[in-house]
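Undergrad: Sending over a structure as structure tokens; questions will come in a sec.
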Amino acid sequence: MRRVIYPGTFDPITNGHLDIIERATALFDNVTIGVTTNPAKNPLFTVEERMAMIRHVTQDYKTVQVDSFSGLLVDYAKRLGACAIIRGLRAISDFEYEFQMALVNRKISDGIVTVFLMPNEKYTYLNSTIVKELATFGGDISRFVPPLVEAQVKQKLRK
Ligand code: PNS
């Protein structure tokens, strides 16, 4: 069985992430979404809240599992028995960071492979930070995230 891990902060999950998840399910037998905390980011949602949203919006994908991890991604990938790490690549601006991360992960592991998937080009500009900023200033995020996520972002920002 070919299991992959799709790691990320997912604060919150967007339609762009869902596009990558769908592509990954077509290529691999099992896709584990690994939610973690990126120390460089100040999350809006707890890991548990992010996982609950992801579980809800991926419930139709029978080969998708949602999990969380802390520590090094490559250690988690090894524990899972993942054959590769999935990362989304939207634009050239993503490339340098992703390239560096993939090479470091390969170096510090037994050569783990990172597979880059490109989402539909309509998501090129989309990320969780933009969604949160839009919502903070009352912008419409309904085109960018599933309805449940839209509701949760609005509720969180009201608090
Ligand atoms: O969604 P993000 O914030 O772009 O995801 C980045 C993430 C979580 C995949 C990355 O920060 C990560 O792998 N964190 C775990 C710690 C780790 O292994 N760091 C070394 C990567 S070179």
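Undergrad: Answer yes if at least one residue in the stretch 97-118 is over 22 Å from VAL4 (Cα atoms) and free of Cβ contacts under 8 Å to residues at least 24 places away in the same chain, and no otherwise.
TA: No, that holds for no residue.
Undergrad: Let me ask you something else. Six or more apart or on different chains, Cβ atoms under 6 Å: show the pairs whose first residue is in the stretch 71-93 and on the phi < 0 side of the Ramachandran plot and touching a residue at least 40 places away in the same chain (Cβ under 8 Å) and whose second is more than 13 Å from the ligand (Cβ to nearest atom) and assigned to a loop (DSSP other than H, G, I, E, B).
TA: CYS83/ARG2; GLY88/PRO119; ARG90/THR124
Undergrad: Continuing with this model, one more query. Just one of (1) assigned to a helix (DSSP H, G or I); (2) surrounded by 17 or more Cβ atoms within 10 Å (Cβ to Cβ) trips up PHE144, so point out which.
TA: Exception for PHE144: condition (1).
Undergrad: Only one of these is farther than 25 Å from PRO147 by Cβ, open to solvent by 20 Å² or more (accessible area, probe 1.4 Å) and touching a helix residue (DSSP H, G or I) at 6+ places or on another chain (Cβ under 7 Å): PHE95, PHE28, PHE69. Name it.
TA: It is PHE69.
Undergrad: What do you reckon, is GLU49 surrounded by fewer than 18 Cβ atoms within 10 Å (Cβ to Cβ), more than 27 Å from LYS156 (Cα to Cα) and out of contact with any Ser or Thr (no Cβ under 9 Å at 6 or more places or on another chain)?
TA: Criteria not met by GLU49.
The values are calculated or read from the model by the stated rules, or taken from the named source; none is laboratory data. If you're wondering where the values come from, they're calculated on a predicted model, not measured in any experiment. All Cβ positions, even for glycine, are placed from backbone atoms using ideal geometry, and neighbour counts span all protein chains on display. With ligands, DNA and RNA removed, areas are computed over all heavy atoms of the protein, side chains included. Shrake-Rupley method; radii C 1.70, N 1.55, O 1.52, S 1.80 Å.
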